[in-house]
Amino acid sequence: MAKFRPPPLDGLKRRMDRHRLEKGEKPSGLFVRETFTMSRQDARVKAREWFDAFPKAAYWTEVESWRQLEGDKIEFTMRRLPTAD
């Protein structure tokens with residue numbers, strides 16, 4: 001039985017980013033986003049660093065998206081507000 005894999009979305013992401021830049025929109029919007037690719041254990045440590053440095057209550061910090069890659073690698077995007085009021 002074939003293992004189901006989602007289609008790659010890199011081309012779609014590039015096209016969306018190009019379209020947003022042509023319209024003059026800010027690529028990241030209101031939030032500060034950073035994408036990481038690392039082992040599962042390192043990903044947990046990095047996410048904990050973000051939550052410790054930027055508390056969820058003040059910065060709305062969250063793991064915006066994540067996906068499992070080949071091996072034990074995780075690609076994830078952390079999101080937070082640029083400042084806390």
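The values are calculated or read from the model by the stated rules, or taken from the named source; none is laboratory data. Model, not experiment: these values are computed from the prediction. Because the Cβ atoms are built from the backbone with ideal geometry, glycine has one as well, and the counts that use them run over all protein chains shown.
Can you name every residue in region 51-69 that is more than 10 Å from the chain's Cα centre (by Cα) and either basic (Lys, Arg) or more than 16 Å from Leu9 (Cα to Cα) (or both)? First the steps, then the outcome.
First, the residues of region 51-69 that are more than 10 Å from the chain's Cα centre (by Cα): 51-61, 68-69.
Listed by number, the residues that qualify are Phe51, Asp52, Ala53, Phe54, Pro55, Lys56, Ala57, Ala58, Tyr59, Trp60, Thr61.
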**Given (1) modelled with pLDDT under 95; (2) over 30 Å from Lys3 (Cβ atoms), index of the condition Glu70 fails** = (2)
**Message:** Condition first: loosely packed, with under 14 Cβ neighbours inside 10 Å, among the aliphatic types (A, V, I, L, M) and assigned to a helix (DSSP H, G or I). Can you find one or more residues in region 30-37 that meet it?
**Reply:** no
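Across region 68-82, which residue is farthest from Lys46 (Cα to Cα) among those that are in a strand (DSSP E or B) and among the aliphatic types (A, V, I, L, M)?
Taking region 68-82 first, the residues in a strand (DSSP E or B) are 68, 73-80.
Of the ones still in play, those that are also among the aliphatic types (A, V, I, L, M) are 74, 78.
Details: Ile74: 11, Met78: 9 Å.
Taking the candidates together, the pick is Ile74.
Could you pull out the residue among Ala57, Ala84 that is among the hydrophobic types (A, V, I, L, M, F, W, C), out of contact with any strand residue (DSSP E or B) (no Cβ under 9 Å at 6 or more places or on another chain) and at pLDDT below 90? If you could, list the steps in order and put the result at the bottom.
Values: Ala57 fails: at pLDDT below 90.
So the residue among Ala57, Ala84 that is among the hydrophobic types (A, V, I, L, M, F, W, C), out of contact with any strand residue (DSSP E or B) (no Cβ under 9 Å at 6 or more places or on another chain) and at pLDDT below 90 is Ala84.
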